Each structure stands twice: as structure tokens, then as C-alpha cells.
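*Asks:* This is the structure I have questions about; it appears just below.
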Amino acid sequence: MLRARDPAVRTPESGEAWRSRPVLLATFDVPFAPEAARLAVDAAVESGQPLIVANVVQLPPLPMSVILGYDQLDYTPEMDASLREPAQLASSLGVKVERLRVRCPRQVEALLELTREREPGLLVFGPDRSRLSRRLYGRAVRAVREQDSCLLWLS
């Protein structure tokens, strides 16, 4: 029996490349909650998608500091380890990893812009909540939920 093909149903053309939607693990300049890092790595491995590890750092608007190069602050050893560990684990499991430091005066807006640019399939917002202000965390969660562009996991 012959069936008519529904024009509303889209099938991939041969050779058409499907765009990947990476997993984005993000924090606001505090270490990751351990369960957030594990979930992001697991999701990237299981889906076969890249992992983006992003730290959104508030850069106070001090033009002279930027001009003189004093805006380049080093991480504490604890923060460096928190950012490095999920990236190394994912890389060792065959996942493409990208680490980003996003410096900006407004962290919430920068996180939204990052999600618009990279279009992740899953955003794991995983800062250690005991080290982040409740107000900043709440603002970020509300803003990301309103954007509604990807799945969201909160620590």
C-alpha cells in the first residue's frame, strides 16, 4: 500500500549535518556544587555533545584597570580545581570540552547572552549555593527560566 508523505513532517536530507546542542555548566565565580559537575559531565558523555564549562565573573566598571591590565585576576587554587576537574573528566571520556571565563559588569545578563549564543541543550547552573548570595542566585534562575531556550538543572 502506498502512503502519502506528510509535508509537515521533516526528514533529514542525506548528508545534512545536525547541529549539536552542547551541555553548559555555569557558575558565578564560586566553585561548582559537586552534583552539578557530575550531572553535566554525565549528560555530555551520554548525549555525545560537547561540554562548555563557564565561569561568569563580575568585572567592576573600572576603565583604567582594564587599560592597565589589572582586570586579569587569578583563580584561587580551590576555584581553579573546581573548574578544571569536570573539564578533565569529560575530556578523558572523549567529550569535546571548552572552558570559558566571561568577564562582565552584569553576571545575569552575561549568562543569558552566553545561552543565547551557544544554544545549549542543557544548562546546568551549578554554583555552590552556600557561597553565592541568595539574591543573585534567585535573579539568575528567574532570568534563565523566563528565557526558556533550553533544559535547566539547578544546584
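*Asks:* Only bridges whose two residues both fall in the stretch 23-154 count here: according to DSSP, what percent of them are antiparallel, nearest 5?
*Replies:* So the antiparallel bridges amount to about 5 percent of the total.
*Asks:* Here's something else I'd like to know. Placing +1 at every Lys and Arg Cβ and -1 at every Asp and Glu Cβ, with all other atoms neutral, what dipole size does the stretch 23-154 have around its Cα centre, in debye to the nearest 20? Kindly include the intermediate steps, with their values, before the conclusion.
*Replies:* Numbers: 16 positive and 17 negative charges, 70 e Å.
About 340 debye.
*Asks:* Which FRET efficiency value, to the nearest 0.05, do you get for residue 130 and residue 153 by plugging their Cβ-Cβ distance into 1/(1 + (r/R0)^6) with R0 = 30 Å? Mind showing how you got there, number by number?
*Replies:* Numbers: r = 18 Å, r/R0 = 0.60.
The formula returns an efficiency of 0.95 here.
*Asks:* For the stretch 134-144, in order, what is each residue's ³J(HN,Hα) by Karplus, 6.51 cos²θ - 1.76 cosθ + 1.60 with θ = phi - 60°, in whole Hz (x at glycine and Pro)?
*Replies:* 4, 5, 5, 4, x, 4, 5, 4, 4, 5, 5
*Asks:* With θ taken as phi - 60° and the coefficients 6.51, -1.76 and 1.60, list the Karplus ³J(HN,Hα) couplings across the stretch 41-58 in order, rounded to whole Hz; mark glycine and proline as x.
*Replies:* Per residue, the Karplus-derived 3J(HN,Hα) values read 5, 4, 5, 5, 5, 5, 8, x, 9, x, 10, 10, 9, 10, 10, 9, 10, 6 Hz.
*Asks:* Starting from the Cα of residue 113, step 7 Å toward the Cβ, then list every residue of the stretch 26-57 with an amide N under 17 Å from that point.
*Replies:* From the stretch 26-57, the list is 27-29, 54-57.
*Asks:* Taking amide H positions as placed in the peptide plane 1.01 Å from N, state which residues far from residue 29 in sequence (5 or more) or on other chains have amide H under 5 Å from it.
*Replies:* 56
*Asks:* What order do you get for 75-81, 49-55, 137-143 when each peptide is scored by the mean count of other beta carbon atoms within 10 Å, highest first?
*Replies:* Values: 75-81: 12.1, 49-55: 22.6, 137-143: 14.6.
Highest-to-lowest ranking by the protection proxy: 49-55, 137-143, 75-81.
*Asks:* Residue 103's amide H: which non-local residues (gap 5+, or another chain) put their own amide H closer than 5 Å, with H modeled 1.01 Å from N in plane and none for Pro or chain starts?
*Replies:* 57
Here, each number is a calculation from the coordinates, and none is a lab measurement. Keep in mind that this is a model prediction, so the values were computed, not measured. Neighbour counts are summed over all protein chains in view; Cβ atoms, including those assigned to glycine, are modelled from backbone coordinates with ideal geometry.
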